[in-house]
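*Asks:* Structure below; questions to follow.
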Amino acid sequence: SETLTIDGFKVPIQGERNLLEVIRKAHIELPTFCYHSELSIYGACRLCVVDVEGRGMIAACSTLPEPGMRVRTQTGPIRELRKVNLELLLASGDHDCPTCGKSGSCKLQSLAQRLGVDKVRFNAPRETKPLDTSSHGLVRDPNKCVLCGDCVRVCQEIQGLGVLDFTRRGSQVTVAPAFDMAMADVECVQCGQCAAVCPTGAITVKQDVDEVHAALNDPSKTVVVQVAPAVRVALGELFGLGDDSHVMGRAVAALRRLGFDKVFDTAFAADLTIMEEGAEFLSRRAKGEKLPLFTSCCPAWVQFMEQEYAAELPHLSSCRSPQQMFGSLAKDTLPKELGIDRKDLVVVSIMPCTAKKSEARRPEFGVEGNPDVDYVITTQELGRMIQNAGLALGELEPEGMDMPFGFKTGGGIIFGNSGGVTEAVIRNVVGVLGEGPILEQVRSTKGRRTAVLDLPGGEVRIAVVHGLANARALMEDVRAGREHYDFVEVMACPGGCSGGAGQPVALDSRTRQRRADSLRRLDASMDLRVSKDNSLVTQAYKDHLGEPNSPEAHRLLHTHYSI
Ligand code: HC0
Ligand code: SF4
């Protein structure tokens, strides 16, 4: 095959889209800010400069690999240029590491260390710009922006929204919503993918840990916690644990030591969601109305539909998300059982997601101003709480969850993957664990995948999408009548919740795949894997809810959307 030479070693060219990828394939991790394999190439940060014989110093990300090229990645001038570029970035903003929310996972910080920047030789005058703390999920600090444009491209290319862009000119240039509007006032759905790709602390996840600590320290409060499915396959990454099989049990032990009174599982509510959504689907199908049914568990997707596809809102499942079903059921039943006031019960969620923070604040998800879910913290924030308390997660003995809401089937657990809700629905409807071609289709990582399920009443055409740009394309196909589906699952984040912006930062598809496989392994290890086999969900119907889609189930577990 064709080769080129990198630092004197021959490396084959195997269809890589640029020189950077060939160099990384040779295990040389060229530094970059503005390069992401899944986004378009911008070529602005100039950190990936290499020396190509006959062409001089050029950016590897925007250079095509050519046979016979002689590339050097480590010359003195290259080292100096990279260092100067970094120093300029450090001088251009307020990069005060110890107090920055991104400290520890900041690319600017780690590259400064790696490239040996021990002083900044420039002193650029600058004004301090105000922070934007208007949204529930994110904080934007323009003083830390290095103008790489990663957030601009992820919002445009993956989410199809284009909320952020470069504004102003010259030395005033910055990245912000159009007309410098506040994040809360633009069509941002709080998916947080911009924060996930931001290499610095310019866009970070809003922290709600202080409020949770305050509740835990308040003796008049009973604090219960629900843990989302996807958290258990990412939390371990923060503690260097390679194997997720005991991470959830250890996290339960840690949560009890942090002072939570009961530890429950959002996967219980996911099983419940399958009962409600399955019944909703079958009833719509029997009546032949409002199909396709769109899933409603991803709050970024729900907000996207409200903003952009209001005419199709009747198609959105009326089911609340598992997080909100949990909150509603917990606040309705636990105060009576524990003999306390509703206002003294605090429900905390641990979520892989930033949009869940704003979902919990929606006024319809509460009773007389008391929210069903009081606080939402991300996987990362939980990691901080555990570290802050000095708990060695990997050393704790795994513990079981509390009942009844800690009990779940594998169907609830795989919700955390894109395609997982669909897989759980298929299991529940067909009644048995299926393998075979349909699930292969549902489990692929394509932006949109489709499958046809043969049921007694006729075919069910299924689509699964992740990434809102893919969702938009699907909506346009459905609107135009180019495609007909009966059931559509949408998750805003690539990979689904396991790729959520509240998880430890992981932008590579390898980590996403590892998490997805890990969730599947956890599912496979469960004794019960079909949601309707969850006997404590059955019990909840007996004790509180009646039957799926009953009036009481509607009061507690469903919602409606205003157009
Ligand atoms: Fe998810 Fe969920 S699966 S959205 O991705 O449906 O965030 O993990 O908790 O609510 O269960 C996130 C994850 C949840 C909800 C569940 C759903
Ligand atoms: Fe765009 Fe999502 Fe960031 Fe909002 S949170 S600006 S929608 S990427």
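*Asks:* Got a sec? Which of THR354, THR409, THR379, THR422 is surrounded by 24 or more Cβ atoms within 10 Å (Cβ to Cβ) and under 21 Å from LEU536 (Cβ atoms)?
*Replies:* Answer to the selection: THR409.
*Asks:* I've got another one for you. Condition first: closer than 22 Å to LEU507 by Cα and more than 16 Å from ligand 1 (Cβ to nearest atom). Can you find one or more residues in segment 177-190 that meet it?
*Replies:* Scanning segment 177-190 turns up at least one residue that is closer than 22 Å to LEU507 by Cα and more than 16 Å from ligand 1 (Cβ to nearest atom).
*Asks:* For the condition under 30 Å from HIS95 (Cα atoms) and not β-branched (Val, Ile, Thr), what is the one hit in ALA196, ALA279?
*Replies:* On inspection, the qualifying residue turns out to be ALA196.
*Asks:* Looking at segment 209-229 only, could you name the residues that are over 21 Å from HIS136 (Cα atoms) and either surrounded by fewer than 14 Cβ atoms within 10 Å (Cβ to Cβ) or among the aromatic types (Phe, Trp, Tyr) (or both)?
*Replies:* Selection gives ASN217, ASP218, PRO219, SER220.
*Asks:* Scan segment 87-101 residue by residue and report those that are of a type outside the set (Gly, Ala, Ser) and within 18 Å of VAL175 (Cα to Cα).
*Replies:* Correct list: LEU88, LEU89, LEU90, ASP94, HIS95.
*Asks:* Considering each residue of segment 286-304, count those that are assigned to a helix (DSSP H, G or I) and in contact with a Phe, Trp or Tyr (Cβ under 9 Å, 6 or more places away or on another chain), and give that number.
*Replies:* Residues meeting the conditions: 2.
*Asks:* Anything in segment 158-174 that is hydrophobic (A, V, I, L, M, F, W, C) and within 7 Å of ligand 2 (Cβ to nearest atom)? List them, or say none.
*Replies:* LEU161, VAL163, LEU164
*Asks:* Got a sec? Which of ARG79, ARG46 is out of contact with any Leu (no Cβ under 6 Å at 6 or more places or on another chain), over 20 Å from ALA196 (Cα atoms) and at pLDDT 90 or above?
*Replies:* ARG79
*Asks:* Return only the number of the condition from (1) closer than 23 Å to MET183 by Cα; (2) within 12 Å of ligand 1 (Cβ to nearest atom); (3) of a type outside the set (D, E, K, R) that GLN380 does not satisfy.
*Replies:* (2)
*Asks:* Can you name the residue in segment 132-155 that is free of Cβ contacts under 8 Å to residues at least 60 places away in the same chain and either farther than 29 Å from GLU87 by Cα or away from ligand 2 (no atom under 12 Å from the Cβ) (or both) and is also surrounded by the fewest Cβ atoms within 10 Å (Cβ to Cβ) among such residues?
*Replies:* The residue in question is SER134.
*Asks:* What number goes with the only condition from (1) modelled with pLDDT under 90; (2) in contact with a strand residue (DSSP E or B) (Cβ under 7 Å, 6 or more places away or on another chain) that VAL152 does not pass?
*Replies:* (1)
*Asks:* Among VAL537, VAL465, VAL478, which is in contact with a Leu (Cβ under 6 Å, 6 or more places away or on another chain) and either part of a helix (DSSP H, G or I) or not β-branched (Val, Ile, Thr) (or both)?
*Replies:* After ruling out the rest, the residue left standing is VAL537.
*Asks:* Pick from LYS331, LYS336, LYS343: which is surrounded by 22 or more Cβ atoms within 10 Å (Cβ to Cβ) and in a helix (DSSP H, G or I)?
*Replies:* The match here is LYS331.
*Asks:* Okay, moving on. Name every residue in segment 520-532 that is surrounded by 18 or more Cβ atoms within 10 Å (Cβ to Cβ) and under 21 Å from GLU276 (Cβ atoms), in order of residue number.
*Replies:* Once the filter is applied, which keeps residues that are surrounded by 18 or more Cβ atoms within 10 Å (Cβ to Cβ) and under 21 Å from GLU276 (Cβ atoms), segment 520-532 yields ASP523, ARG529, VAL530, SER531, LYS532.
*Asks:* Let me ask you something else. Say whether the condition of being within 16 Å of ligand 1 (Cβ to nearest atom) and of a type in the set (Val, Ile, Thr) is met by at least one residue in segment 384-397.
*Replies:* Checked segment 384-397: no residue is within 16 Å of ligand 1 (Cβ to nearest atom) and of a type in the set (Val, Ile, Thr).
Condition check ((1) among the β-branched types (Val, Ile, Thr); (2) in contact with a helix residue (DSSP H, G or I) (Cβ under 8 Å, 6 or more places away or on another chain); (3) surrounded by fewer than 17 Cβ atoms within 10 Å (Cβ to Cβ)) across all residues:
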residue: MET401; (1), (2), (3): no, yes, no
residue: PRO437; (1), (2), (3): no, no, yes
residue: ASN470; (1), (2), (3): no, no, no
residue: MET475; (1), (2), (3): no, yes, no
residue: TYR485; (1), (2), (3): no, yes, no
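*Asks:* If you don't mind, there's one more thing I want to ask. So which residues in segment 259-271 are within 14 Å of ILE386 (Cα to Cα) and surrounded by fewer than 19 Cβ atoms within 10 Å (Cβ to Cβ)?
*Replies:* Of everything in segment 259-271, just one residue is within 14 Å of ILE386 (Cα to Cα) and surrounded by fewer than 19 Cβ atoms within 10 Å (Cβ to Cβ), namely GLY259.
*Asks:* For segment 90-148, what are the residues that are closer than 28 Å to LYS356 by Cα, charged (D, E, K, R) and not in a loop (DSSP other than H, G, I, E, B)?
*Replies:* LYS107, ASP132, ARG140, LYS144
The values are calculated or read from the model by the stated rules, or taken from the named source; none is laboratory data. Here the structure is a predicted model, which means the values were calculated and not measured. Reconstructed Cβ throughout: ideal geometry from the backbone, glycine too, with neighbour counts over all protein chains shown.
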